[in-house]
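A.B. asks: One structure, as C-alpha cells, below. Some questions next.
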Amino acid sequence: MTTDHSPGVAALPRITRHRGLAPLFVLALALLTLVAAITPAAAARRAGGVLGVNLVNSSDRDLTFANLQVTNGCAYTNPPARLAALGGTGQFNVGVCEGSNGASGTVSYQVSGESQGTVITLGWNVPAPLDEPNTFTETAPMGYVASHTGGTDSFTPVVFTVDCNSTTCDGIPDDWKRNGVTIKPSDGSPDQFIDLKAMGADVNKPDIFVQVDWMADDTHNHALTNDAIRKVVDAFKNSPFNRHSPTTGINLHVDAGPDSILDYTKNTTWGTLSKAKKQTEVANLGTVDSNGRYLWDEFTKIKTATGGFISTGRSSIFHYAIAAHNLQPGVTYSGVAAGVPGSDFIVSLGSFDNRVGSTNQQAGTLMHELGHDLGLKHAGNADTPNHQPQYFSVMNYSYQMGGLSIGTTTGVMDYSRAVGSLNEPTLNERQFPASTAGYDVTHWCPNTKQGSRFVTVQASAAQVDWNCDGMINQNTVAFDTNNDGFQTALNGHDDWGSIQLRGGSIAHSGATGVPAPTEENEVDLEEAAMELPLDTQPPVTTARTHPQPDRHGVYHSDVQVTLDATDDISGVAMTDYRVDGGEWTRYTGPFTVSGDGRHEVEYRSDDHAQNVEEVHCLEIRIDCDPRGPEPWDASDASQEG
C-alpha cells in the first residue's frame, strides 16, 4: 500500500477496487480522521468564526473606554463604554473577517481617578494557521492586575478580569504587608527595608500610612499630640468603609516621631520604626504665585533633602505631611493639600490656640487635609456649597476645627456616612436632619449674641429653628442655612463610600517633583471665629415689677411686669409668658397685670441653640381697695421672682 503526502491533506490509503465494500469502509474512516484533525477553533477561523470577549471589573475604580485598536480581523460589536467598579461587566465580539489573516488587536480602558493615560490594555491574537492556539495579553499600571481565562476555541469566550493588586485595593501588595518590602529610593539613597508587618499592616483591612514631620523651636512645638492622632485613628477604625474589603474599617498608621503611638490598643510607640523628624522652625513655609496660589517649593526642599522623606523609600506607601507654623505671611490658613486626591499636605496651626492648635483643632485639621488626599472636597465631591448643615463631615468647615458633637460629647471626628439632603426653599423646622450617629447640627444664624454666626443645635431638640426667629414654624420656611447667599437644594455627600485610597504617589512609583501651585481655600482664624462653641445652657430670665408691693407683698394698683433674659453664648432667641394660665405670648416689652385677686405670671426663654429654660412663676396679689376685705388670706401672700 502506498500513501499520498500532498501538503495540507491527511494521509489517505490508496483505494483498491477489487476488495468490494472494504475500500469504501477505509475511505469513510479516512474522511472521519480528516474531519477530527480540524479543531472547532480552526473550523471557525476557516469559516470566519467569532470570538466572544467578556470583561469583568473587580477593582474599586470605574473603567472608561479609551481606545480600540484592531490590527487584523474585525470587531463585530463595540466594547462597552464603561465598566463599573466592584463587578461591572461587558462584552464584545472579534473574529476573522473576509480577506483577513486571523484576528488581533487591543482594547484600552482609562482608570477612573487616575491621571490621564493610566490605562488597562487587553489584547487578543487569533492566528490563521489551523494548528496554532489563540493568545492573549494584559498590561496594567501599578496598583492593578489583569488576567484572563478561556478563549481556547471559538466556542469558549475569553474572560478578561481587572482587579487591584491587593486584597483591599489600598495600593499595598499583600506580600508587602506579610513580609515587608525593600525599596530603592528615587534619590539614589541606599535600599530601604520597610517592615510593614511590624507597623501593623493587615492583609484583610485597608491600611493608610502617614508620616508627619514637625517644626519646633525653643518656644513651641508643632508636633501633633498623641491624643489628637488617636481621635483620627479611631475615626478610621470605626468607619463603615468596606469597599473591596472582607472587613469593615480602615487601619490608619501615623508616624509622627519615635514617641508617637504606633498601636493605641497596646500603647506602643513607633520607636526605631519611625522616620519622622523635627524640622527647623520657620514662620512661613512657603510663598504664593501671582495668582495667590500656594507654591510647594519650600515643602519639596524638605521632602527631598538628603536623609529626608524621599530617602526613606516610603513615597509609594506613606502620605507625607509637615506640621508647620503658617503657610505664608499675612494669612492664617489651617493647612493645605497638594492634590485631590494626592499624597502631600501641611497642617499649619501657628495662629491658633497656643500657637500649635488645640487637640480638636489638630485632629480636625489632620483628618481634613488627609481627606483631600483621599479625594474629598469641602462639600464631598465639590468645594461648594460649604457649611451644609446636614453634611456631617470634618471636610465641612462647620465641623472641622471643633469636630462634631453628640449632645455634650464634643470633638468627634468623622467623615459623612450617608447622603443627607436639605431643601432651603422649603425647610421643615419640625424635622431634624438625620445621621447614623445622631450628630448635632450647625447652621447659620444672623442674630446671635455675637452677631451673625454659625450655631449648633443638639439632636435631642428633634427640630430646628432654621430661620432663627425663635419659633418652630408649623409651615415650611425659606432660609439660607449655610450663608452662601443662595437658597438652594443642599445635597450632601457620602464620604466614606467614595474615598480613594490610591492617589498622588500612593501606589504610583516615581511620582516626584514639585506639586502644582494650589489655591488656598481653607479655614483661617476669621472663618473659625464664625463658629460658636457648643451651647448647652439655657438662658436665665428674671422678672421685675412696678410699683413695688407693700410689706405683705400686696399690690394696690395695676402692676407692670418687665422680663430680662440673658444668654452667654448663642444669645436669647425668644422670651414668652402667660398670665393666669392663658395663651403663651411672645414678650416684646413690659406688660400690665390688673384686677383684684391673685394672679400667676409664667415666663421662660430659649436661646438660638434651642436650649429652653424651665418655666418660672411669679405670683402677683392685687388689692385696689385696701379698706375692703382682702380677697385672700394675707398670711400666705408670697412673691417669687
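A.B. asks: Would you mention how many residues in the range 327-361 are in contact with a strand residue (DSSP E or B) (Cβ under 7 Å, 6 or more places away or on another chain), of a type in the set (S, T, N, Q) and surrounded by 24 or more Cβ atoms within 10 Å (Cβ to Cβ)?
C.D. replies: So the answer is 3.
A.B. asks: Further question: Could you please give the count of residues in the range 424-433 that are open to solvent by 10 Å² or more (accessible area, probe 1.4 Å) and either under 13 Å from Q463 (Cα atoms) or in a loop (DSSP other than H, G, I, E, B) (or both)?
C.D. replies: Going through the range 424-433 one residue at a time, the tally reaches 5.
A.B. asks: Now, a different point. Which numbered condition trips up L374, out of (1) in contact (Cβ under 8 Å) with a residue 60 or more places away in the chain; (2) open to solvent by less than 10 Å² (accessible area, probe 1.4 Å); (3) touching a helix residue (DSSP H, G or I) at 6+ places or on another chain (Cβ under 9 Å)?
C.D. replies: (3)
A.B. asks: Further, regarding this structure: Could you list, ordered by first residue, the pairs with Cβ atoms under 7 Å in which the first is in the range 506-525 and closer than 27 Å to F352 by Cβ and the second is in a helix (DSSP H, G or I) and modelled with pLDDT of 90 or more, at least 6 apart or interchain?
C.D. replies: Partner pairs satisfying both residue conditions: V523/Y397.
A.B. asks: Tell me the residue from D227, D259, D263 that is closer than 24 Å to N326 by Cβ, at pLDDT 95 or above, surrounded by fewer than 23 Cβ atoms within 10 Å (Cβ to Cβ) and not small (G, A, S), please.
C.D. replies: D227
Per-residue answers, yes or no, for (1) touching a residue at least 60 places away in the same chain (Cβ under 8 Å); (2) surrounded by 17 or more Cβ atoms within 10 Å (Cβ to Cβ):
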residue: Y439; (1), (2): no, yes
residue: H443; (1), (2): no, yes
residue: P446; (1), (2): no, no
residue: Q458; (1), (2): yes, yes
residue: W466; (1), (2): no, yes
residue: N482; (1), (2): yes, yes
residue: R502; (1), (2): yes, yes
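A.B. asks: Quick check on N360: is it farther than 17 Å from L532 by Cα and in a helix (DSSP H, G or I)?
C.D. replies: No: the conditions fail for N360.
A.B. asks: Checking P547 against (1) surrounded by 14 or more Cβ atoms within 10 Å (Cβ to Cβ); (2) over 30 Å from K184 (Cα atoms), which single condition isn't satisfied?
C.D. replies: (1) is the only condition that P547 fails.
A.B. asks: Would it be correct to say that S498 is over 30 Å from Y439 (Cβ atoms), in contact (Cβ under 8 Å) with a residue 60 or more places away in the chain, open to solvent by less than 50 Å² (accessible area, probe 1.4 Å) and part of a loop (DSSP other than H, G, I, E, B)?
C.D. replies: The answer is no for S498.
A.B. asks: Output the number of the condition that T168 fails; it satisfies all remaining conditions of (1) buried (at least 20 other Cβ atoms within 10 Å of the Cβ); (2) at pLDDT below 95; (3) among the hydroxyl-bearing types (S, T, Y).
C.D. replies: T168 satisfies every listed condition except (2).
A.B. asks: To continue, here is another question. Here is a list of conditions, (1) open to solvent by 50 Å² or more (accessible area, probe 1.4 Å); (2) assigned to a helix (DSSP H, G or I), and K177 meets all of them except one; can you say which number that is?
C.D. replies: (1)
A.B. asks: Another question about this same structure. Which of the numbered conditions does H368 fail, given that it passes all the others? Conditions: (1) touching a Phe, Trp or Tyr at 6+ places or on another chain (Cβ under 7 Å); (2) within 21 Å of G503 (Cβ to Cβ).
C.D. replies: (1) is the only condition that H368 fails.
A.B. asks: Are there any pairs, at least 6 apart or on different chains, whose C-beta atoms fall under 6 Å, with the first in the range 567-589 and among the basic types (K, R) and the second open to solvent by less than 50 Å² (accessible area, probe 1.4 Å), and if so, which?
C.D. replies: So the pair list comes out as R578/E602; R586/D576.
A.B. asks: Right, something else. Restricting to the range 76-92, count the residues that are open to solvent by 40 Å² or more (accessible area, probe 1.4 Å) and in a strand (DSSP E or B).
C.D. replies: Of the residues in that region, 3 qualify.
A.B. asks: Search the range 202-223 for residues being of a type in the set (A, V, I, L, M) and open to solvent by less than 20 Å² (accessible area, probe 1.4 Å), and hand back the single one that is farthest from T312 (Cα to Cα).
C.D. replies: The extreme case among them is A216.
A.B. asks: Hey, does the range 236-256 have a residue that's farther than 30 Å from D60 by Cα and in contact (Cβ under 8 Å) with a residue 40 or more places away in the chain?
C.D. replies: no
A.B. asks: What is the one condition in (1) open to solvent by less than 20 Å² (accessible area, probe 1.4 Å); (2) more than 18 Å from D62 (Cα to Cα) that T106 does not satisfy?
C.D. replies: Every listed condition holds for T106 apart from (1).
A.B. asks: Could I ask something else about it? Step by step: first the residues of the range 243-256, then only those that are modelled with pLDDT of 95 or more and on the phi < 0 side of the Ramachandran plot, then the one that is most open to solvent (accessible area, probe 1.4 Å). Which residue is that?
C.D. replies: My answer is T248.
A.B. asks: Kindly check whether there is at least one residue in the range 458-465 that is under 30 Å from K237 (Cα atoms), in a loop (DSSP other than H, G, I, E, B), over 18 Å from the mean Cα position of the chain (by Cα) and of a type in the set (S, T, N, Q).
C.D. replies: Within the range 458-465, one or more residues are under 30 Å from K237 (Cα atoms), in a loop (DSSP other than H, G, I, E, B), over 18 Å from the mean Cα position of the chain (by Cα) and of a type in the set (S, T, N, Q).
A.B. asks: Being in a strand (DSSP E or B), touching a helix residue (DSSP H, G or I) at 6+ places or on another chain (Cβ under 8 Å) and crowded, with 19+ Cβ neighbours inside 10 Å, is that true of even one residue in the range 109-119?
C.D. replies: Checked against the condition, which is being in a strand (DSSP E or B), touching a helix residue (DSSP H, G or I) at 6+ places or on another chain (Cβ under 8 Å) and crowded, with 19+ Cβ neighbours inside 10 Å, the range 109-119 yields no hits at all.
A.B. asks: Can you name the residue in the range 298-310 that is out of contact with any Lys or Arg (no Cβ under 9 Å at 6 or more places or on another chain) and more than 12 Å from L327 (Cα to Cα) and is also surrounded by the most Cβ atoms within 10 Å (Cβ to Cβ) among such residues?
C.D. replies: That would be K303.
A.B. asks: Answer yes or no as to whether T436 is touching a Lys or Arg at 6+ places or on another chain (Cβ under 6 Å), of a type in the set (V, I, T) and outside any helix (DSSP H, G or I).
C.D. replies: yes
A.B. asks: Among the residues of the range 131-165, which ones are closer than 29 Å to I194 by Cα, in a strand (DSSP E or B) and open to solvent by 40 Å² or more (accessible area, probe 1.4 Å)?
C.D. replies: T139, V145, S147, D163
A.B. asks: Let me ask another. Run D580 past the list (1) within 30 Å of Q361 (Cβ to Cβ); (2) open to solvent by 30 Å² or more (accessible area, probe 1.4 Å) and report the number of the one that doesn't hold.
C.D. replies: All conditions pass for D580, except number (1).
A.B. asks: Anything in the range 583-615 that is of a type outside the set (F, W, Y), within 53 Å of the chain's Cα centre (by Cα) and crowded, with 16+ Cβ neighbours inside 10 Å? List them, or say none.
C.D. replies: V601, E602, R604, S605, D606, D607, H608, A609, Q610, N611, E613
The values are calculated or read from the model by the stated rules, or taken from the named source; none is laboratory data. Because the structure is a prediction, the values reported are computed rather than measured. So basically every Cβ, Gly included, is an ideal-geometry build from the backbone, and we count neighbours across all protein chains shown. Remember, those area values only see protein heavy atoms, side chains included, never the ligands or the DNA or RNA. Shrake-Rupley method; radii C 1.70, N 1.55, O 1.52, S 1.80 Å.
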